[in-house]
Amino acid sequence: MIQAVLLKERRQICSESKLYFMVEPRMLKLWLGIIILFITCLSIAAGAFVGFNIGTDLSNLPSATDVVAILKAHQITHVRLFDADAHMLTALADTGIEVMVSVTNEEILGIGQTPSVAAAWVNKNVAAFVPSTNITAIAVGSEVLTTIPNAARILVPAMNYLQKALVASNLNDQIKVSTPQSMDVIPRPFPPSTAAFNSTWNSTIFQMLQFLKNTNSYYMLNAYPYYGYVNTNGIFPIDYALFRPLSSVKEIVDPNTLLHYDSMFDAMVDATYNSIAAFNISGIPVVVTETGWPWLGGANEQDATVENAETFNNNLIRRVSNDSGPPSQPDIPINTYIYELFNEDKRPGPISERNWGIFFPNGSTVYPISLGSSVNVSTNSSGVFCIAKQDADSKKLQNGLNYACGQGQANCSAIQTGQPCYFPDTLQNHASYAYNDYYQKMHTFGGTCDFDGTATTTSQDPSYGSCKFTGSSSTSGRGLFPPPALGPVGPSSQGSSVRAFSFGFLLVVFLSVVMADVSISMSL
């Protein structure tokens, strides 16, 4: 009798356990679905980004290591390369910086004709560097339709072959393929509501848009209000191009939709969205892969000034950072890459072509630039410092110190007795200060950070206490992209960081509840 009762209870427990395990997978799927939704919300909450194009057509190009040090010092999180330089990709490893690599216009022909060439390109320039280097996109060519129109027929095949190569390497989810196009493919961008692509390229553009849609990629747009302004002979006010407020009599309104446009930048992005919509295609975000303003021009380029460049890029950063889209797509933020990091003095053409850069090669800025109202990078800031190596030979250190403070014309007053940088009174400390002062002043003119092998560069500010090294951000402004603020921040930049923190906090709480629920279920 007792055995029969025990057997009955055991069967009842097993039956209940079976029901429990039938229900739990369903509950687990529900929890996982909700978790995925929260993660998606969190990624959206992270907000739009401002990245930089890095051109290499300059005489005194810093080493790849120095370039990355500048990026890290200013907390720049996204970059676009105009090629797939191995040195840069190696230097960018383990930084977390999102990298867009490029197929050059010269490479498109081979890639668009032969799948094996595309596969070899991906293996050499992408697969060889991930996951250490955070490559997230491949830009196929640069303004192919307007610069090398004869290559239009092989543009989409090249994109397809590259995509297949990514699939074969299991990288297609992480890395998107697209192709940057200029505003010239839209002959009449205003009013935005009636904008349409040049019908000459209808077939190619339709195939391209289908590809972007099918691969969940995005349209890459090179949008330059500078050219939109100077090439329209005063039709639009310069304030409209520079994101400045417009008076009521100068407001720009689309006569068909009655949407108001506060900037030419927004109108250009909206013109692109409407041109895409003309093909009855939707759901393709627009990313601005190039925009900017030159700070120097020739006699006939009077609008290429430091003042205008400073105004445009500072207002652009504020505009992008508010996480809103253009008037017709207000919920889609406009991720943007500024053209460009450095001046490319070897580029042909008018003077303005060589003066789009925001940073000098030594890491200082051409003009003050800021994110929001509380963060600045001034013209005296530097992202790279030169310091003495820890294990440097003392005799060589002394020789280097003597050179820097003597013939090198470094200002060594701060390391004299009684001055802020005298302590700690060590040869290495004094040499570091002198080396850095020399480097900050002379790097632009060819000075190096070597000193007979006793020096090295670093992105870490060596300043301490009241001792401020030349180029220190603590005396001349902070990084261009500050860490997320968990307290009050400027009104123009608070949206994304605060919302991201809020979602992150909710996600942590939510996961804690899930774990607690699982623990309780298991205990029962």
Quick count over region 220-251, residues being touching a residue at least 40 places away in the same chain (Cβ under 8 Å), over 18 Å from VAL306 (Cα atoms) and in a helix (DSSP H, G or I), is 1
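Residues are listed down the side, and each one gets a yes or a no for (1) more than 15 Å from HIS74 (Cβ to Cβ); (2) touching a residue at least 24 places away in the same chain (Cβ under 8 Å); (3) in contact with a strand residue (DSSP E or B) (Cβ under 8 Å, 6 or more places away or on another chain):
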position	(1), (2), (3)
GLU310	yes, yes, yes
ASN322	yes, yes, no
ILE338	no, yes, yes
ILE351	yes, yes, no
Considering only region 402-429, state which residues are open to solvent by 20 Å² or more (accessible area, probe 1.4 Å) and in a helix (DSSP H, G or I). ASN402, TYR403, CYS405, SER413, LEU427, GLN428, ASN429
Quickly run through region 63-96 and pick out the residues that are buried (at least 22 other Cβ atoms within 10 Å of the Cβ) and part of a loop (DSSP other than H, G, I, E, B). HIS74, ILE76, ALA84, LEU92
Could you tell me whether SER217 is out of contact with any Asp or Glu (no Cβ under 6 Å at 6 or more places or on another chain), outside any helix (DSSP H, G or I), touching a residue at least 12 places away in the same chain (Cβ under 8 Å) and on the phi < 0 side of the Ramachandran plot? yes
Is there a residue in region 185-201 that is open to solvent by less than 10 Å² (accessible area, probe 1.4 Å), closer than 22 Å to ASN216 by Cα, touching a strand residue (DSSP E or B) at 6+ places or on another chain (Cβ under 9 Å) and in a helix (DSSP H, G or I)? no
Look at ARG318 and say whether it is in contact (Cβ under 8 Å) with a residue 12 or more places away in the chain, open to solvent by 20 Å² or more (accessible area, probe 1.4 Å) and within 20 Å of GLY51 (Cβ to Cβ). yes
Taking region 418-459 and keeping only residues that are of a type in the set (Phe, Trp, Tyr) and within 22 Å of ILE70 (Cα to Cα), one is left with TYR433, TYR435, TYR438, TYR439, PHE445, PHE451
Filter region 268-322 for residues that are assigned to a helix (DSSP H, G or I), hydrophobic (A, V, I, L, M, F, W, C) and more than 22 Å from the chain's Cα centre (by Cα) and give the result. ALA271, ILE276, ALA277, VAL306
Please verify whether ILE44 is modelled with pLDDT under 95, open to solvent by 30 Å² or more (accessible area, probe 1.4 Å), touching a helix residue (DSSP H, G or I) at 6+ places or on another chain (Cβ under 9 Å) and among the β-branched types (Val, Ile, Thr), treating the condition exactly as stated. yes
Restricting to region 396-427, give me the number of residues that are closer than 26 Å to GLY446 by Cβ and free of Cβ contacts under 8 Å to residues at least 40 places away in the same chain. 12
What is the residue count in region 163-209 for residues that are farther than 22 Å from ASN231 by Cβ and without any contact (Cβ under 8 Å) to a residue 12 or more places away in the chain? 5
Is there any pair with a first residue in region 446-467 that is more than 21 Å from GLN416 (Cα to Cα) and open to solvent by 50 Å² or more (accessible area, probe 1.4 Å) and a second that is in a loop (DSSP other than H, G, I, E, B) and among the charged types (D, E, K, R) whose Cβ atoms are under 7 Å apart and which are 6 or more apart or on different chains, and what are they? THR456/LYS389
Does any residue of region 102-111 turn out to be without any contact (Cβ under 8 Å) to a residue 12 or more places away in the chain and either farther than 16 Å from THR204 by Cβ or open to solvent by 50 Å² or more (accessible area, probe 1.4 Å) (or both)? yes
What residue, among those in region 160-184 that are closer than 25 Å to PRO255 by Cα and assigned to a helix (DSSP H, G or I), is least open to solvent (accessible area, probe 1.4 Å)? MET183
Can we say GLY504 is part of a helix (DSSP H, G or I), under 30 Å from ILE317 (Cβ atoms) and either modelled with pLDDT of 80 or more or of a type outside the set (Ser, Thr, Tyr) (or both)? yes
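Per-residue answers, yes or no, for (1) at pLDDT 95 or above; (2) open to solvent by less than 10 Å² (accessible area, probe 1.4 Å):
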position: GLU251; (1), (2): no, no
position: ASP254; (1), (2): yes, yes
position: SER263; (1), (2): yes, yes
position: VAL269; (1), (2): yes, yes
position: SER275; (1), (2): yes, yes
position: SER282; (1), (2): yes, no
position: GLY292; (1), (2): yes, yes
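The values are calculated or read from the model by the stated rules, or taken from the named source; none is laboratory data. Not measured: the values here are computed from a predicted model. A quick note on method: Cβ atoms are made from the backbone with ideal geometry, for glycine too, and the neighbour counts reach across all protein chains shown. When the accessible area is computed, the model is the full protein with side chains, heavy atoms only, and any ligands, DNA or RNA have been set aside. Shrake-Rupley method; radii C 1.70, N 1.55, O 1.52, S 1.80 Å.
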